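Trainee: Below you'll find the structure I mean.
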Amino acid sequence: MLPKCPIVPRANGYPIVPGACGFPSPMASDSVSPSSSSDSAYDSAAYQNPNPNPNPSDKPINAIDGQLMSSLVLADSTDSVNHEEGPPSSVNEGDIVDANVLASEESDRTVMVEVDVREEEEEEVQRSEAVVVEERETGGGGGEGEVWRVNSELEVDAPDSPNSSGYAGERGTSSASSACGTGEDDICQVRDGDFVNGVVESQAVWIPGKRHVDEDDASMSWRQRKKHFFILSHSGKPIYSRHGDEHKLAGFSATLQAIISFVENGYADEANNGDRVKLVRAGKHQVVFLVKGPIYLVCISCTEEPFESLRGQLELLYGQMILILTKSVNRCFEKNPKFDMTPLLGGTDVVFSSLIHSFNWNPATFLHAYTCLPLAYPTRQAAGAILQDVADSGVLFAILMCKHKVVSLVGAQKASLHPDDMLLLSNFVMTSESFSPICLPRYNPMAFLYAYVHYLDANTYLMLLTTSSDAFYHLKECRLHIEAVLLKSNVLSEVQRSMLDGGMHVEDVPVDPSPRSGSASPHLGQHSPERVREAYTGTGGPCGLWHFMYRSIYLDQYVSSEFSSPIGTPKQQKRLHRAYQKIYASMHDKGFGPHRTQFRRDENYVLLCWVTQDFELYAAFDPLADKALAIRTCNRVCQWVKDVENEIFLLGASPFSWWGKRIEKCFAEWPVGGLIAGHLRL
Amino acid sequence: MGCASSVPDRTASRGPSSLNPGSEGANDAKNLKVKLVLLGDSGVGKSCIVLRFVRGQFDPTSKVTVGASFLSQTIALQDSTTVKFEIWDTAGQERYAALAPLYYRGAAVAVIVYDITSPESFAKAQYWVKELQKHGSPDIVMALVGNKADLQDRREVPAENGIEYAEKNGMFFIETSAKTADNINQLFEVFFVESIESCCSHMASFPLNMKLVGCVLVDLVAL
Ligand SMILES: Nc1nc2c(ncn2[C@@H]2O[C@H](COP(=O)(O)OP(=O)(O)OP(=O)(O)O)[C@@H](O)[C@H]2O)c(=O)[nH]1
Ligand SMILES: [Mg+2]
């Protein structure tokens with residue numbers, strides 16, 4: 001127990017007030033304009049360094065190849081089992097064969113470097129120590145001398161253990177992810193070794209925040225993570241790493257930088273404008289680079305997600321960084337290429353890790369659409385009306401959300417909010433009532449807006465965005481007004497009810513669809529008594545329908561059915577999420593026409609997807625489902641979505657995509673023809 | 001040793017009210033409003049101090065603050081006088097440093113917090129004191145708070161250093177622990193009493209025997 005030391009009482013019983021003489025005559029409280037002051041903070045934070053980074057492209061190409069090899073290809077090499085004893089040696093020859101630039105697709109500025117890795121493909125997830133040793137043996141000698149010479153030439157922080165330059169990730173197979181119950185890309189490999197056990201055990205609830213900070217590229221556990229994300233500067237300084245401590249990864253970061261510079265250098269012609277994306281394949285691993293001016297983003301993954309998906313994830317990661325700092329950070333690098341950005345991102349691990357986690361479950365991360373909380377039409381209208389009031393009083397955007405779902409959203413005049421910005425904004429965790437500068441990368445990547453956030457209950461929060469840094473008290477008043485109206489009109493209780501009831505359940509897909517103009521279409525959840533739903537538990541909806549996802553193109557919104565029994569566990573949900581993501585990528589390949597369908601059967605599901613100019617439908621069925629029935633069910637789902645569209649979508653908001661080419665078409669067709677533009681036939 | 005506290009010496013003339021009555025002008029003798037801002041390095045425990053004061057809780061997994069969060073706490077006296085603290089809990093992260101004027105502008109009270117186990121945070125506190133002396137309101141009342149006083153065995157900033165610096169700069173000084181609640185109420189009590197004194201100096205018969213106990217004001221006589 002601490003001794004209590006209360007304030008020293010004065011004669012009159014009150015503590016003493018510091019008198020005017022206590023202060024060295026302060027100047028009038030001058031308010032620094034936030035934009036300029038933040039700029040100057042960035043500027044002053046940048047210290048001058050006369051030595052910009054050496055251009056790594058001066059180095060011999062084989063040197064860089066060697067770096068590439070030792071850093072990435074080793075993904076599939078295996079660790080020395082007893083590396084404490086072994087001499088620093090042995091980069092497997094089997095892993096270092098040749099790296100050829102096989103193809104460059106200049107049209108979409110994507111460079112694919114195929115690294116041919118001679119190695120024994122190993123599908124076993126739970127490979128044993130014995131297998132590890134075997135692999136080492138097949139590796140044989142040779143090659144290592146060159147790699148080490150290369151390292152010293154590049155002056156990359158030389159790894160001091162035989163493994164530390166290697167990145168040995170886990171092979172991604174579907175069984176690998178099923179071995180991983182956490183919904184995280186953790187180590188999924190189970191060994192007799194004692195260090196893995198703690199990581200493998202499954203966690204019901206995902207807790208945001210950085211884990212494994214004690215790891216670095218020398219730790220075996222680090223190299224076995226299935227998916228890494230890195231942000232680094234063009235001079236090779238680490239900015240963010242999903243796993244492990246950034247500062248300990250300086251050497252690895254420098255290696256990545258060398259590789260990127262090498263790949264970049266080969267395509268200097270196109271390097272002048274725009275972002276560049278690269279893909280390096282190394283066995284089962286994909287290494288995707290995204291270059292955004294002085295910022296490099298890298299994903300190393302063996303999850304078998306499509307390149308386009310990983311690229312999109314890097315874009316979002318970059319967007320999240322811009323949301324926190326604005327693009328004006330680039331200026332720090334202009335002044336000093338070796339600028340260290342990590343202090344500017346202090347405390348944001350949790351923001352990045354929750355974004356990366358959402359890549360595993362949130363369809364908005366690849367659909368580029370937002371989803372609404374299902375609500376009766378008048379309820380949402382009431383919410384929209386009150387938000388509109390404040391938007392007219394100088395608020396740029398007023399957004400009422402419940403977790404990641406939108407209740408209502410209003411933008412001032414022509415302002416429209418990109419779904420990606422909404423995703424990034426709602427991912428940016430804020431406290432009960434706060435006022436913070438944020439930047440919406442798709443709205444204006446150079447400028448800060450000010451976000452007033454207030455939680456109305458545990459899940460429901462109001463965000464008011466403004467350009468004025470002085471607006472706090474005004475926004476607070478707006479909020480009080482909005483809150484009072486929402487309470488009075490029962491919007492908040494409806495929101496809570498909807499959270500409990502959920503939205504569309506596959507069990508509720510109407511079996512005999514009423515004609516569109518027919519009698520009163522059922523409201524969500526009203527035509528399905530709880531016991532009926534219960535009876536279906538374990539079998540999904542009609543004709544083996546397990547789940548569906550519907551994206552309205554004009555509205556920038558999607559709706560997905562609630563998960564139920566056949567896809568009940570987080571593990572199953574993550575697998576379906578990945579399957580959707582994959583089929584989405586394949587549907588959005590080049591040559592994408594106005595109507596396209598895909599019917600795909602594998603051991604897990606039948607996936608049916610239907611893309612038109614107006615909507616996209618993705619549906620998952622029992623793997624034994626009948627094709628004709630599945631198609632009929634998809635038509636019913638579309639009809640059902642149409643019937644309840646005013647409950648599941650926010651109609652009348654100005655979607656971002658309106659302001660493109662489609663605007664006239666959109667006005668002509670929406671809302672009447674917006675949802676169903678045809679009947680699916682295969 | 002344990003928690004220390006000190007108050008600056010009183011100067012001869014009281015001058016204008018040291019707690020400016022707040023820009024909203026809503027103050028009257030019965031309902032006082034005090035705008036208070038917490039500044040200090042990230043991780044020193046600002047959010048925990050506020051949470052302890054406002055909700056009586058301690059959250060060891062407290063999240064890093066972004067921008068600033070706003071909280072308020074109203075304290076009622078038995079004679080129905082109320083003091084409403086409007087508290088800006090600012091983010092200590094470097095990227096928000098330039099935005100601090102947004103939050104301390106117009107503040108009547110600035111609480112500058114450091115962590116007694118971190119000399120860097122003590123240096124940062126001195127930076128904030130200088131910044132406020134330069135750019136803060138001339139009337140601002142400042143308090144220097146050494147938090148995490150429960151971590152005696154890891155103490156790196158002696159209480160004397162805090163006291164000395166505070167005295168030199170005409171500040172209140174107190175050591176607190178948001179974890180054990182030690183001295184948290186005492187910290188706010190200073191401002192509470194201050195605000196009453198400065199805003200209601202006409203109330204000659206203000207009860208002297210009142211103390212804050214667990215955020216609830218009780219009449220000591222009644223205890
Ligand atoms: N032992 C101990 N730990 C404390 C105390 N106060 C805060 N902490 C811990 O210190 C950490 C940071 O506390 P916060 O209140 O979030 O720090 P902050 O000053 O608000 O930090 P920013 O929001 O980044 O500016 C948390 O992990 C708390 O658990 C204390 O009095 N004693
Ligand atoms: Mg805080």
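Quick note: the coordinates plus some simple rules give every number you see, no bench work behind them. Please read all numbers here as calculations on a predicted model, not as lab measurements. Every residue, glycine as well, gets a Cβ built from its backbone with ideal geometry; the counts of neighbours run over all protein chains shown.
Trainee: Provide the gained length on full extension for the span B:K168 to B:E120, in nm with one decimal, where the gain is 0.36 nm per separating residue minus the Cα-Cα distance.
Mentor: Answer, rounded to one decimal: 15.3 nm.
Trainee: Excluding same-chain pairs closer than 8 in sequence, count the lysine pairs in the range B:31-217 whose Cα atoms lie under 14 Å apart.
Mentor: So the count works out to 8.
Trainee: What does the structure give for B:167-173 when I average, per residue, the other chain Cβ atoms found within 10 Å of the residue Cβ?
Mentor: Across the residues of B:167-173, the mean count of other-chain Cβ atoms within 10 Å is 4.
Trainee: A further question on this structure: Determine, from the Cβ-Cβ distance of A:K627 and A:A458 and an R0 of 35 Å, the FRET efficiency 1/(1 + (r/R0)^6), rounded to the nearest 0.05.
Mentor: E(calc), rounded to 0.05, equals 0.20.
Trainee: Can you sort A:T597, B:T74 by how many other beta carbons sit within 10 Å, fewest first?
Mentor: If I rank by nearby Cβ atoms, fewest first, I get B:T74, A:T597.
Trainee: Could I have the simple spin-label model distance between B:Q152 and A:K642, label points 7 Å from Cα toward Cβ, reported in nm to one decimal?
Mentor: Calculated label separation equals 7.6 nm.
Trainee: Within 10 Å of each residue's Cβ, count the other Cβ atoms and sort A:W361, B:W128 from fewest upward. Could the numbers behind the result be given before it?
Mentor: Values: A:W361 17, B:W128 27.
Least crowded to most crowded, the residues run A:W361, B:W128.
Trainee: OK, next. For A:A282, enumerate residues with amide H under 5 Å from its amide H, sequence gap 5+ or separate chain, H modeled in the peptide plane.
Mentor: A:V287
Trainee: Here is a follow-up. How far apart, in nanometres, would the label points at A:S432 and A:K488 be if each is projected 7 angstrom from Cα along the Cα-to-Cβ direction?
Mentor: Each label point lies 7 Å from its Cα, and together they span 2.5 nm.
Trainee: Determine the relative contact order of the range B:31-217: mean sequence separation of Cα pairs under 8 Å and six or more apart, normalised by residue count, in whole percent.
Mentor: Relative contact order for the range B:31-217 comes out at 25 percent.
Trainee: Follow-up question, since we're still on this one. Just want the ordering: A:W546, A:W640, from fewest to most Cβ atoms lying within 10 Å of their own Cβ.
Mentor: Lowest to highest Cβ neighbour count: A:W640, A:W546.
Trainee: At 0.36 nm per residue, minus the direct Cα-Cα distance, what do A:Q388 and A:T342 gain on full extension? Give it in nm, one decimal, please.
Mentor: Contour length minus the Cα-Cα distance gives 12.6 nm.
Trainee: Okay, moving on. For A:Y377 and A:E477, calculate 0.36 nm times their separation in residues minus their Cα-Cα distance, and state this gained length in nm to one decimal.
Mentor: Working: separation 100, 0.36 × 100 = 36.00 nm, distance 2.67 nm.
Fully extending the segment from A:Y377 to A:E477 adds 33.3 nm.
Trainee: Counting only the backbone N, which residues of the range B:126-145 are under 20 Å from the spot 7 Å out from the Cα of B:T180 toward its beta-carbon?
Mentor: B:145
Trainee: Something else now. Of the cross-linked pairs A:K248/A:K338; A:K405/A:K476; A:K292/A:K335, which ones have a Cα-Cα span greater than 19 Å in the structure shown?
Mentor: From A:K248/A:K338; A:K405/A:K476; A:K292/A:K335, over 19 Å: A:K405/A:K476.
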